[in-house]
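Visitor: My questions all concern the structure below.
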Amino acid sequence: MTISKNVEEILGRSSFIRKMFEEGARLKAEHGADNVYDFSLGNPNLDPPAEFNKVLTQAAGLSDEGLHGYMPNAGYPYVREAVAKTVSKEQNAETKGGDVIMTCGAAGGLNVILKAILDQGDEVIVPAPYFVEYGFYAQNHGGVLKTVQTKADFSLDIEGIASAINKETKAVLINSPNNPTGQVYSKENLSDVGDLLKDKSEELGKTIYLISDEPYRKIVFDNITVPSIFNCYRESVITSSYSKDLSIPGERIGFIAVNPEASFKEDLLNGMTLANRILGFVNAPALMQRVTGLLQGAHVDASEYEKKRDILCEGLEAAGYNFIKPSGTFYLFPKTPIDDDVAFVDALRDELILTVPGSGFGGPGYFRIAFCVADETITNALPGFKRAIEKFR
Ligand SMILES: Cc1ncc(COP(=O)(O)O)c(C=O)c1O
């Protein structure tokens, strides 16, 4: 064997994703890309806001001394300040530049947080369905992912989380707006989690962290706002990125912010800064730090995704699909009309519609539609969605 047993095993488990890509590529080659409706990937289809290219061109033209050198592992201090101002508003808690670490996206942020807090065997509780990479990230740092199903409306099951907590629990990792369900947790639901973690931390004599992964915070609909995490629980850390709200996932830029009131804030920040270095990120991409530092407050027009959601939801409802309308993100997570979600995704594929089975997200009996595609792709796929469900009536 040339690669580790662990990676070999992960490759095996992830093979359905690879198979899906291969199948998608084969169908596109056979039928023409325009005739295949690809809803499989969360790759934003909107262009970055117009200011992005302007600021990028400006930033690329600079030639100050030392511009391309190493920098503090946590990022440029002035960029951290700029991000902290935005976080202060969004979290309704005064956050300083020193509370922020620039990262290689939210994926980099999560790995940095987990590296800094996990010891071998520590458990990370995640509400399911969930972003499947979480399991790999926890495992990267000796952690064990423990899933707790959300309620039927995909809200957090506080009793379920309570019974999953034990002396090995190090963190609860939440994601709102959520991939794959598109749901946004309410302030009450988040406060209940905060109260629970406070009580359990006291009872167990340890700190249980609340990690909030929120790259979709700005992609919300129907004029809702995403509640503050910092106001709900003191021992909290958020990570976010510009992948989705500026439509630049390939640029790998994001950040971590620690609750300014966290008990062990300095330890956390020192640990995470070190983790950013020794995981080999060293620092977040310099050019993108400069650009996003200047673009605070800019984001894609979420109403474009809202329009796509409405076209999709109206069409699927008329066809008889059962789902909870997403309040954010660009994902819809309907029930499959049969228990076997993989078989239903195959039936959709026969209609040249590519989606992902819910089992891949710890949510069997559902499937995920990533609607970050052209409006026409949605409209043109609706007859196929209808034919597929009708096969199971
Ligand atoms: C819930 C969630 N967290 C994290 C990420 C990683 O995002 P980034 O590109 O910022 O690393 C994604 C990407 O799809 C995601 O859906």
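Visitor: What's the FRET efficiency of residue 30 with residue 380 using the Cβ-Cβ distance as r and R₀ = 22 Å, to the nearest 0.05? Each step should come with its number before you reach the end.
Guide: Values: r = 17 Å, r/R0 = 0.79.
With R0 = 22 Å, the Cβ-Cβ based efficiency is 0.80.
Visitor: Can you spot the lysines whose alpha carbon is less than 26 Å from residue 54's alpha carbon? Ignore those fewer than 8 places along the same chain.
Guide: 85, 89, 218, 244
Visitor: Apply the Karplus curve 6.51 cos²θ - 1.76 cosθ + 1.60, θ = phi - 60°, to the phi angles in region 379-393 and return the couplings in whole Hz, x for Gly and Pro.
Guide: The phi angles translate into 4, 6, 7, 4, x, x, 4, 5, 4, 5, 5, 5, 5, 10, 8 Hz.
Visitor: Rank by packing, highest mean first: peptides 267-279, 230-242, 349-361, with packing defined as the count of other Cβ atoms within 10 Å averaged across residues.
Guide: Highest-to-lowest ranking by the protection proxy: 230-242, 349-361, 267-279.
Visitor: Looking at 270, 344, 331, which one has the Cα that reaches farthest to the positive end of the dipole of region 232-367 (charges on Cβ: Lys, Arg +1; Asp, Glu -1)?
Guide: 270
Visitor: Of all chymotrypsin sites (Phe, Trp or Tyr not before Pro) in region 59-144, which ones are in loop regions per DSSP and have a Cβ with at most 11 other Cβ atoms within 10 Å? Walk me through the numbers on the way to the answer.
Guide: Details: sites: 70, 78, 130, 131, 134, 136, 137; in loops: 70, 130, 131.
When the chymotrypsin sites (Phe, Trp or Tyr not before Pro) of region 59-144 are filtered for loop state and at most 11 Cβ neighbours within 10 Å, 70 remain.
Visitor: If you keep only loop residues by DSSP, which trypsin sites (Lys or Arg not before Pro) in region 62-168 have at most 16 other Cβ atoms within 10 Å of their Cβ?
Guide: 96, 151, 167
Visitor: Given R₀ = 51 Å, what would the calculated FRET efficiency be for residue 393 paired with residue 68, taking r from the Cβ atoms and rounding to 0.05?
Guide: Once the sixth-power term is evaluated, E becomes 0.25.
Visitor: 7 Å from Cα along Cα→Cβ at both residue 51 and residue 13: what's the point-to-point distance in nm?
Guide: 4.1
Visitor: Ranking request for peptides 103-113, 30-40: highest mean number of other beta-carbon atoms within 10 Å first, then the rest in descending order. Intermediate values should be presented prior to the final figure.
Guide: Numbers: 103-113: 26.4, 30-40: 15.8.
Descending mean neighbour count gives 103-113, 30-40.
Visitor: Now for a different question. Need the list of aspartates and glutamates near residue 325 for cross-linking: C-alpha distance under 14 angstrom, and skip anything on the same chain fewer than eight residues off.
Guide: Within reach: 153, 222, 306, 310, 314, 317.
Visitor: Further, regarding this structure: May I ask you to compute the full-extension gain from residue 41 to residue 94, defined as 0.36 nm times their residue separation minus their alpha-carbon distance, rounded to one decimal in nm? Each step should come with its number before you reach the end.
Guide: Values: separation 53, 0.36 × 53 = 19.08 nm, distance 3.57 nm.
So the chain would gain 15.5 nm between residue 41 and residue 94.
Visitor: So, in nm, how far is label residue 140 from label residue 166 when the simple model puts each one 7 Å beyond its Cα toward the Cβ?
Guide: Each label point lies 7 Å from its Cα, and together they span 2.7 nm.
Where a number appears in this text, it was derived from the coordinates with a stated rule and is not lab data. Since the model is a prediction, treat every value here as computed from it, not as a measurement. When we count neighbours, we look across all protein chains shown, and the Cβ atoms used for this are built from the backbone with ideal geometry, even at glycine.
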